[in-house]
Each structure stands twice: as C-alpha cells, then as structure tokens.
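For reference, the structure discussed in these notes is given below.
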Amino acid sequence: MTEKERILASAEDELASRVRAAQISFRQKETDRQKRIAGLPEARARLAYIGMCLDRRALGMSINPQVKEIAGERNAALFTMSVSELEAEQEKTEKLIDELESAAPAGAEEEASGRYYCSVCRDEGYVTDANGIARRCVCFKEIFADKIKEASGLPEGEYELTAPAAGLYPETADRSRYGIPDSPRANAEKAYELARGFISASGPSAKKILFITGAVGVGKTHLACCVGNEAAKKSLYVVYSGIAAVLDALQNRFFNSEESQELYENRREFIETCDVLIIDDLGVENVTDKRYESLISLIDRRTACGLKTVITSNYGLAEIGNVYGERLASRFADRKNSLSLRLAGDDIRLIKNIGKHNFEKQ
Ligand SMILES: [Zn+2]
C-alpha cells in the first residue's frame, strides 16, 4: 500500500466509523423516545403474547404456565381466546401501536440532526453537483484534510492563508531598513495573495515552484505551512520536510529488513509524487553536501509531472547561485515555472515576545 492509499483509506475508515457511531446513537435515542410514550411498551408486549399464542395454536402446543404468569392480569384473557379472537385482538393492538407512535413523531429537526453524521450528504459521502457529477462531500473532505495534515509532517499550529496576522509586519515603509519599497505589511499581504493564487492554480500554465526568501524570523516557514494547510483543504497530498531529510530519502539505500525497506521506499515515493512538497530552510544544512544534483532532478521531475514544490530559504536567489550553483538558482529564477516571494520585516519571534511582555506588564 502506498502512502497515498494509506491516507485515503484511513480517511474513509474514519468517516465510516463516525457514521456508525451516529447510527448507534440515533437508534438508542429512538428506543429511549419510544419507551417514554405511555402505553407503548405495554402494547408491544401484548402484541408479542398474541403472536406467541397464535404460533402455539398453529403447532397445537400449550402455553407454559410461567409465561402466563409473567404476562400478568391484563393479558390473561389472551390465553383462552380462539384463533379468530386472537386475530382481531392482533389487528386492534397493531392499530393502537401505530396511533401511539404517530402521536409523538420525531421532530423533523431532530430527525435531520440526529439520524445522520452528516446531514448534507445523509452519510452517502458524496453530493451531486449542478452538472449531475458526484463529488466527495464536505464531511469526507474535512476528515481527509486532517489525515493529510497528520501524515504531512507539518508542525502543529494555526495556519490560515487568508492574510498575515495583525501586528506581525511593520506598517511603515523603510527601504534602508527592510530593503523593499513597500511597507513590510503591504508586502506580506501581497505575498499571501500570490501564495493563494499559486496553490489554487492548476493546469499546464500554473506555476510549479514557490520560492520564499527573507531574513531569519520574517515568517517564511509560517507562510509555507499556510500553503500546506490550504493544499490539504483542497484534498492535495502534502509533505513538509527539512532539506536534509529530503536528501536522505532520495539516496539509494538498502535495508536488512523488508519492512524497513518498504517504509523507506514508500517515503521516497511519497516525496516524489505528493501534490505539494514543502522543503523548509534550504541553507541551514552543511553545504558541502554533494547530493544537490538529486535535489535538482527531483524538482525537475516534479515540475514535469505538474506537481508543486515550495522552498523556503534565508538566502536570496543570488546567494543560492553562489552557494549551490547556478543550476539550482535558475530553477527558482525561471519566471515561467516559478513564483519567487520575499518577506521582510522585523524578527516576528522578537515582536511576539515583546508583545507578550507588554501585555503582562499592563
Ligand atoms: Zn457529508
């Protein structure tokens, strides 16, 4: 089983078990509700005794005295009735049960909210769109997104690609300080908007590489994680990884146990074929590593297959060229396939700490 198959199957299992739990709880509630209707349990019991008497008559068997005792005074007459009397009594009791049940029906609202885990698709898992095409329902997509995130390696946190949080980026432009003409805030807003476009776009003309650069602490990893989260919401498979782990996974390695070998190969296949691969912090590793050729060919293979790759780095394009060589830099600089974003501002971790400090003082 590939990693993609495993994630899909675990989402399907999860939905099935939630649907099952909803059914069990609905049935329980329904039983409880019926028990609360006065006279209904007694009428049901009476109907059961009538059925028993008719069966016994048909077989020419007598009724066990203990049963008569349990049936009680109110049902005693049943045991001496003729078959035709029993049949009339049966009809009468069935009618009574119908009346009792319909006198206290489950409210329409209660029915819609209680009967199904998902009232949108009524637990079918699919909805039909305006063109008559069946699509996965939102109930499945939500679970699937969670499973994708779980398997992606994305760090814990709140990641929304809507807009950068207030207060994280300075509002005033200062070219000498931030190295950009706009204010860091306006620049970050633009970057988030472009990143949303990057992850929404599909088809051959869509860009396949997103390169996010900027100084330490300006929120590059956070933006990359927002992109990953958005991809998961769109049911796209995501891998988030440091560069060292990606390079490790691309090597040809051989293990003694079949299980370890399979795990390793599944991991490599997932890195190569996931819809969105996020490689965080290119540049922090040991640069003497000779395996960058495998990184370039991974990016080229993924781009050729229409898969998206996100890379964050403290290095700008010129430094990438100096440190890793022009071949890697040219992949990120290629405007046809790549989108390059630069975040600027003060160290966000620092801003957060100062903010906390001020808050505590007040
Ligand atoms: Zn649904």
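If you take every DSSP beta bridge fully contained in the chain, what fraction is antiparallel? Give it as a percent rounded to 5.
Restricted to the chain, the bridges split so that about 15 percent are antiparallel.
Which order do peptides 148-154, 225-231, 8-14, 20-26 fall in by mean Cβ count within 10 Å, highest first?
225-231, 148-154, 8-14, 20-26
Is segment 153-361 best put as rounded, prolate or oblate by its Cα gyration tensor, with a ≥ b ≥ c the root eigenvalues, rounded for a/c under 1.5, and otherwise prolate when a/b is larger than b/c, oblate when not?
On the way: a/c = 1.70, a/b = 1.59, b/c = 1.07.
Because a/c hits 1.5 or more and a/b exceeds b/c, segment 153-361 counts as prolate.
Please give, to one decimal in nm, the separation of the simple spin-label points placed at I24 and N266, each 7 Å out from Cα toward the Cβ.
With each label placed 7 Å out from Cα toward Cβ, I get 2.7 nm.
Residue farthest toward the positive end of the dipole of the chain, with Cβ of Lys/Arg at +1 and Asp/Glu at -1: which of V238, N314, T172?
T172
What does the highest-first list of 294-301, 80-87, 273-280 look like by mean Cβ count within 10 Å?
For the peptides 294-301, 80-87, 273-280, the packing ranking is 273-280, 294-301, 80-87.
In this model, which of K141/K336; K68/K95; K35/K92 are farther than 26 Å apart at the alpha-carbon?
K141/K336
Under 1.5 on a/c is rounded, so check that first for segment 39-91, then, if it is not, pick prolate when a/b is larger than b/c and oblate when it is not; a ≥ b ≥ c are the square roots of the alpha carbon gyration tensor eigenvalues.
oblate
Taking Cα centroids, how far is segment 235-290 from segment 184-222 in Å?
Their Cα centres are 23 Å away from one another.
Please report, largest first and rounded to whole Å, the three semi-axes of the ellipsoid equivalent to the chain, where each semi-axis is the square root of five times an eigenvalue of the C-alpha gyration tensor.
For the chain, the ellipsoid semi-axes come out as 67, 26, 18 Å.
Quick check on the chain: helices-only [θ] at 222 nm, where DSSP H runs of length 4 and up contribute -39,500 (n - 2.57) each and the sum goes over total residues. Nearest 500, please.
Helix contribution divided over all residues of the chain: -18500 deg cm²/dmol.
Mind giving me the nanometre distance, one decimal, between the label points for S202 and A77, set 7 Å out from Cα along Cα→Cβ?
Calculated label separation equals 7.0 nm.
Does anyone have the angle between helix 258-273 and the longest principal axis of the chain? Alpha-carbon axes, 0 to 90°, nearest 10?
Result, in degrees: 70.
Is segment 3-115 best put as rounded, prolate or oblate by its Cα gyration tensor, with a ≥ b ≥ c the root eigenvalues, rounded for a/c under 1.5, and otherwise prolate when a/b is larger than b/c, oblate when not? Display every interim value, and only then the final one.
On the way: a/c = 3.58, a/b = 2.21, b/c = 1.62.
Cα axes put segment 3-115 in the prolate bin.
Since every read-out is calculated from the coordinates, none of them should be taken as a lab result. Everything quoted here is computed from the prediction, not taken from an experiment. Backbone-built Cβ (ideal geometry, glycine too); neighbour counts: all protein chains shown.
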